[in-house]
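Accompanying notes for the structure given below.
The values are calculated or read from the model by the stated rules, or taken from the named source; none is laboratory data. Quick caveat, the model's predicted, so the values are computed rather than measured. In this analysis, Cβ positions are derived from the backbone assuming ideal geometry, glycine residues included, and neighbour counts consider all displayed protein chains. Side chains included, ligands, DNA and RNA excluded: accessible areas come from the protein's heavy atoms. Shrake-Rupley method; radii C 1.70, N 1.55, O 1.52, S 1.80 Å.
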Amino acid sequence: DVKVTQSSRYLVKRTGEKVFLECVQDMDHENMFWYRQDPGLGLRLIYFSYDVKMKEKGDIPEGYSVSREKKERFSLILESASTNQTSMYLCASSLPGLASSRSEQFFGPGTRLTVL
Amino acid sequence: QKEVEQNSGPLSVPEGAIASLNCTYSDRGSQSFFWYRQYSGKSPELIMSIYSNGDKEDGRFTAQLNKASQYVSLLIRDSQPSDSATYLCAVTPGGYNKLIFGAGTRLAVHP
């Protein structure tokens with residue numbers, strides 16, 4: 001079974017702090033994704049990565065950065081946390097390529113971040 | 001126009017009934033279609049995938065795809081209270097290995 005883990009289930013930070021959210025997958029997947037999920041807005045893609053040291057902006061990258069130094073690990077960084085970044089953050093991974101089954105994404109348990 | 005649209009619900013069905021969830025998408029080049037189930041406070045869990053027109057059955061779940069009409073649906077037979085969750089439709093747009101999600105439909109199955 002694919003296993004995607006995230007460093008924290010719940011996190012409380014203060015405005016202006018630098019926040020690191022880590023995601024690790026154990027299935028040798030090339031693709032990794034970071035989403036945030038807010039009520040009424042659904043899942044929105046922040047950043048994704050096709051390979052080590054590769055990153056692509058998603059739909060809402062402002063205020064975030066990412067790091068992928070190893071294939072299994074994808075980190076989301078909030079450079080200076082703000083209250084509007086309070087959300088559920090979800091990491092996912094998938095195999096590469098456009099073949100249909102390869103675009104199935106598997107999610108981690110999520111991190112509920114509160115910024116005070 | 002949103003790329004993937006779902007009725008937010010709640011869709012309320014009695015136990016044992018068939019629940020029908022619908023999703024429309026805007027990109028005609030979309031190639032892969034998925035249904036995820038998400039319980040409150042949990043992360044999405046993949047329950048069905050479909051790639052070609054027609055029906056695909058897996059246990060109590062049937063996914064239906066009609067590319068000409070750009071819709072995909074999920075039927076849940078013999079609905080159980082444990083099926084109460086939000087169901088997310090996700091689509092792979094043409095040429096990209098990423099998913100576009102709908103906002104989800106909340107399903108409530110009452111005894």
Computed over chain B: relative contact order in percent, which uses C-alpha pairs under 8 Å that are six or more apart: 38
Which value, in Å² and to the nearest 10, is the accessible area of A:Y64 when all protein chains are kept and the probe is 1.4 Å? 20
What accessible area, in Å² to the nearest ten, does a 1.4 Å probe give for A:V66? 10
Mean Cα-pair separation over length for region A:36-84, i.e. relative contact order, pairs under 8 Å, 6 or more apart, %: 25
Put A:M88, A:M27 in order of accessible area, largest first, probe 1.4 Å, and you get A:M27, A:M88
Just the accessible area for B:I50, please: 1.4 Å probe, Å², rounded to the nearest 10? 10
Considering only protein heavy atoms, with the full assembly of protein chains and a 1.4 angstrom probe, order B:L11, B:L88, A:L41 by accessible area, largest first. A:L41, B:L11, B:L88
Run the dipole for chain A about the Cα centre, Lys and Arg Cβ at +1, Asp and Glu Cβ at -1, nothing else charged, and hand back the magnitude in debye, nearest 20. 300
Please turn the phi angles of region A:31-48 into ³J(HN,Hα) values with the Karplus equation 6.51 cos²θ - 1.76 cosθ + 1.60 (θ = phi - 60°), one per residue in order, whole Hz, x for glycine and proline. 8, 9, 9, 10, 10, 10, 10, 10, x, x, 10, x, 8, 10, 7, 8, 8, 9
Which one of A:L43, B:S69, B:I47 has its Cα pushed farthest toward the positive end of the charge dipole of the protein assembly as shown, where Lys and Arg give +1 and Asp and Glu give -1 at the Cβ? A:L43
Once amide H atoms are placed 1.01 Å from N in the peptide plane, what residues at a sequence separation of 5 or more from B:L99, or on another chain, have their amide H within under 5 Å of its amide H? none
Solvent-accessible ranking of B:I100, B:I76, B:I18, largest area first, probe 1.4 Å: B:I18, B:I100, B:I76
Quick one: which of A:K70/B:K98; A:K18/B:K42; A:K3/B:K56; A:K3/A:K71; A:K3/B:K42; A:K53/B:K98 span more than 22 angstrom between C-alpha atoms? A:K18/B:K42; A:K3/B:K56
